[in-house]
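Chemist: Below is a structure I'd like to ask you about.
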């Protein structure tokens, strides 16, 4: 570290650090200066150094006017000033970030590269890791917008991406489970619910992850929405091909009847315009296909997946009998990992769509 006494400027590893001199005095014939550095530690304390003309450096503290001796001061690539200081004959490490900007998300996400090795751990605390990467202000904003007492519009969640899987974190402690047998924590995804047009879906995904038993019915709602949005073309094509009509003449809509709950149709295929099927004219806005969806979050449980398909088929046969306009029914079974789906860019693991004639 270089302190230019003439111009009162500090440089660490060749980078000039924003600072201001709070106080100057003489001690033993040497000029001293207490300098406030524009950098904060994880607790929000501003770094203050006492610099001596003979190049001695001490870290100032309210408990010690003269400060504690500092050695090995450096500025790392993440903008963290790191140094060792001696207090009560014991060496300690100080870390202060010069990044003091608010959290910046792009498209509702921020991906933080870590690539940290994991050694026999079942849980990680991400606090210090994210403080170093984000800086104090962004880190503090992240913590304040996690889980407890935070409105959905402001809420952030974290997805930890390991070399063999992902894990969800929604707590202010920033404690996250380690994927089984993982060796490396590759990245951390900070995800904003507000930035997404699917805020209600994301909230339901958070509920399912945190307490799947209490929010079991939401598993079905998310499954219906996911199928409707990601597999719309497949569903419409299956019916259009069977009756030789254009898929553009059809659309999907939720039934709005007991959304996500058993005993009600899940989704309708509705005509956008008048069409002809088997010589019969079907008016515009006719509900001609009923779609039933079975959903599970147990992506690796084949039995559960099959059970959901059987349930969807059984419900479908009941609803077709009740609906005189229905030409056919479509049953779908869908398995998804709610943590993967929360990232928005991963499709469900398994989807089977089958057509049933009325």
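Chemist: Go through (1) surrounded by 13 or more Cβ atoms within 10 Å (Cβ to Cβ); (2) out of contact with any helix residue (DSSP H, G or I) (no Cβ under 8 Å at 6 or more places or on another chain); (3) modelled with pLDDT of 85 or more and name the single condition residue 9 misses.
Modeler: Going through (1) surrounded by 13 or more Cβ atoms within 10 Å (Cβ to Cβ); (2) out of contact with any helix residue (DSSP H, G or I) (no Cβ under 8 Å at 6 or more places or on another chain); (3) modelled with pLDDT of 85 or more one by one, residue 9 breaks only (3).
Chemist: Any residue at all in the stretch 277-286 that's in a strand (DSSP E or B), in contact with a strand residue (DSSP E or B) (Cβ under 7 Å, 6 or more places away or on another chain) and surrounded by fewer than 20 Cβ atoms within 10 Å (Cβ to Cβ)?
Modeler: Yes, some residue in the stretch 277-286 is in a strand (DSSP E or B), in contact with a strand residue (DSSP E or B) (Cβ under 7 Å, 6 or more places away or on another chain) and surrounded by fewer than 20 Cβ atoms within 10 Å (Cβ to Cβ).
Chemist: Can you spot a residue in the stretch 147-155 that is buried (at least 16 other Cβ atoms within 10 Å of the Cβ) and either more than 14 Å from the chain's Cα centre (by Cα) or closer than 25 Å to residue 75 by Cα (or both)?
Modeler: No, the stretch 147-155 contains no residue that is buried (at least 16 other Cβ atoms within 10 Å of the Cβ) and either more than 14 Å from the chain's Cα centre (by Cα) or closer than 25 Å to residue 75 by Cα (or both).
Chemist: Let me spell it out: the conditions are (1) modelled with pLDDT under 85; (2) assigned to a loop (DSSP other than H, G, I, E, B); (3) in contact with a helix residue (DSSP H, G or I) (Cβ under 6 Å, 6 or more places away or on another chain), and residue 172 meets all of them except one. Which number is the exception?
Modeler: Here residue 172 meets the rest and fails (1).
Chemist: Just need a number here: residues in the stretch 113-146 that are part of a loop (DSSP other than H, G, I, E, B), more than 16 Å from the chain's Cα centre (by Cα) and modelled with pLDDT of 90 or more.
Modeler: Looking only at that region, the number is 4.
Chemist: Show the residue pairs meeting these rules: Cβ distance below 9 Å; 6+ apart or different chains; first residue within the stretch 231-246 and assigned to a loop (DSSP other than H, G, I, E, B); second residue at pLDDT 85 or above and loosely packed, with under 14 Cβ neighbours inside 10 Å.
Modeler: 245/276
Chemist: Restricting to the stretch 86-111, count the residues that are without any contact (Cβ under 8 Å) to a residue 40 or more places away in the chain and either under 24 Å from residue 16 (Cβ atoms) or assigned to a strand (DSSP E or B) (or both).
Modeler: Qualifying residue count, the stretch 86-111: 11.
Chemist: Output the residues belonging to the stretch 53-71 that are under 17 Å from residue 12 (Cβ atoms) and over 43 Å from the mean Cα position of the chain (by Cα).
Modeler: Hits for the stretch 53-71 are 55, 56.
Chemist: Can you confirm whether the stretch 217-228 contains a residue that is in a loop (DSSP other than H, G, I, E, B), more than 19 Å from residue 286 (Cβ to Cβ) and at pLDDT below 90?
Modeler: no
The values are calculated or read from the model by the stated rules, or taken from the named source; none is laboratory data. Owing to the predicted nature of the structure, the values given are computational and were not obtained by experimental measurement. Virtual Cβ from ideal backbone geometry, glycine too; neighbours counted across all protein chains shown.
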